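Take a look at the structure below.
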Amino acid sequence: MEKLIITAAISGAEVMKEHNPAVPYTIEEIGREALSAYNAGASIIHLHARQDDGTPTQDEKRFAQCIAEIKRLCSDVIIQPSTGGAVGMSNDERLQPVNLKPEMATLSLGTVNFGGDDVFTNTETAIKAFIERFAQKDVKPEFEIFDKGMLDTAHRLIRQGLIQTPAHFNFVMGVNGGIGTSIRDFAYLVDSLPQNATFTVAGIGRAEFPLAALAIIQGGHVRVGFEDNVYLSRGVLAKSNGELVEKVVHIAKELGREIATPNEARQILKLEA
Ligand code: KMH
Ligand code: ZN
């Protein structure tokens, strides 16, 4: 089986220090959390930027500062900025980090409720515009899948020649409004993937580690981090993103799956080194 790519979603846009005091806001804190995840075995850092007070921002300059700090501390890690940003941001605002030409960035393939009154909006027109901008800047998309219909959208856009294959997907499972976290839900998504696709799984909250184990067994990849879950185990806050990554490494080792370095992850995902 392929080596395991671990993505650390270190910051997110919705999780705050009130949820876990180690959630990073400042450039220095972002660097600290990226380094802890990298040292533990993460090869990809999924990045949301914040202002110093924790307000989410897609500001290009702020992203450039965060990326510089992460590269200073972990020079070979793959940095994957978010273009999801936070609920309510405009598409232009969200696309800013793509101008920095990162190796990868996230690209959501549909609209989903995000609990309460929040709706994470991704119209078909917007999705096509995002795909075009990624292609212009030569950025590999990680397609964010919050529900099964989004994979059907991927199939349609592949048929239309708008999505290049092999494509890479992230199943975000357990958002209030998206697909659930059962084994059946997981199998349904895996069975619905386009040919030759790679996938990673991000389980929300307490689903993070059970879904990580399923992905490890199934030959997929794993995302963990404060964006998705702040607990190491029931009632125990993780002290760092690194602790969450360490737990995945431990599960993978027990199950006989080796961990990919950043350069091995580049080969698996067909990114240029
Ligand atoms: N913060 C969510 C509204 C992504 O990073 O691409 C969207 C999100 C997806 O986190
Ligand atoms: Zn994100």
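Overall size of segment 78-145 from C-alpha positions, given as principal axis extents largest first: 35, 23, 21 Å.
Dipole orientation for segment 124-177: of the candidates Thr125, Phe171, Ile145, Thr125 has the Cα lying most toward the positive pole (charges on Cβ; Lys, Arg +1; Asp, Glu -1).
Too long at a 25 Å Cα-Cα cut-off: which of Lys101/Lys128; Lys140/Lys253; Lys148/Lys247; Lys71/Lys253; Lys128/Lys270? The answer is Lys140/Lys253; Lys148/Lys247; Lys71/Lys253.
Once the convex hull of all Cα atoms in segment 1-76 is built, its volume per residue stands at 99 Å³. Note on segment 1-129: antiparallel DSSP beta bridges, both residues inside, total approximately 35 percent of the bridges counted. What is the antiparallel percent of DSSP beta bridges lying wholly in segment 154-247, to the nearest 5? For segment 154-247, the DSSP antiparallel bridge percentage is about 20.
What segment 175-224 shows is 43 Å² of accessible area per residue, with the surface traced by a 1.4 Å probe over protein heavy atoms. A convex hull fitted to the Cα coordinates of the chain yields 113 cubic angstrom per residue. For segment 1-61, the dipole from Cβ point charges (+1 on Lys and Arg, -1 on Asp and Glu) about the Cα centre works out to 240 debye, to the nearest 20. Comparing segment 97-250 with the 2.2 N^0.38 Å rule of thumb, its C-alpha radius of gyration ratio is 1.05 (two decimals). Each Lys and Arg contributes +1 and each Asp and Glu -1, all at the Cβ; summed about the Cα centre of the chain, the dipole is approximately 520 debye. A convex hull fitted to the Cα coordinates of segment 39-99 yields 93 cubic angstrom per residue.
Here is how the number arises for the chain: DSSP H runs of 4 or more residues each give -39500 (n - 2.57), the sum is divided by the residue count, and the result at 222 nm is -11000 deg cm²/dmol.
In the context of the full set of protein chains, residues of segment 1-91 present 37 Å² of accessible surface per residue (probe radius 1.4 Å, heavy atoms only). Looking at the chain alone, DSSP beta bridges between its own residues are antiparallel in about 15 percent of cases. Normalising the Debye intensity of segment 233-273 to I(0), with uniform scatterers on Cα atoms only, and taking log10 at q = 0.16, 0.29 Å⁻¹ returns -0.57, -0.94.
Across segment 36-172, counting alpha-carbon atoms alone, Rg and Dmax equal 14.9, 44 Å. Here segment 198-273 is treated as a sphere whose radius is the Kirkwood value from Cα pairs; by Stokes-Einstein at 4 °C and 1.567 mPa s it diffuses with a coefficient of 101 µm²/s. Our summary of shape: the Cα atoms of segment 64-116 have principal axis extents of 38, 21, 17 Å, ordered from largest down, in whole angstrom. For the chain, the share of accessible area belonging to carbon and sulfur comes to 49 percent (1.4 Å probe, ligands and nucleic acids excluded).
The values are calculated or read from the model by the stated rules, or taken from the named source; none is laboratory data. In this text the structure is predicted, and so the values were computed from the model without any measurement. Don't worry about glycine lacking a Cβ; one is built from the backbone with ideal geometry, like all the others, and counts go over all protein chains shown. Just the protein is used for accessible areas: all its heavy atoms, side chains included, with ligands, DNA and RNA removed. Shrake-Rupley method; radii C 1.70, N 1.55, O 1.52, S 1.80 Å.
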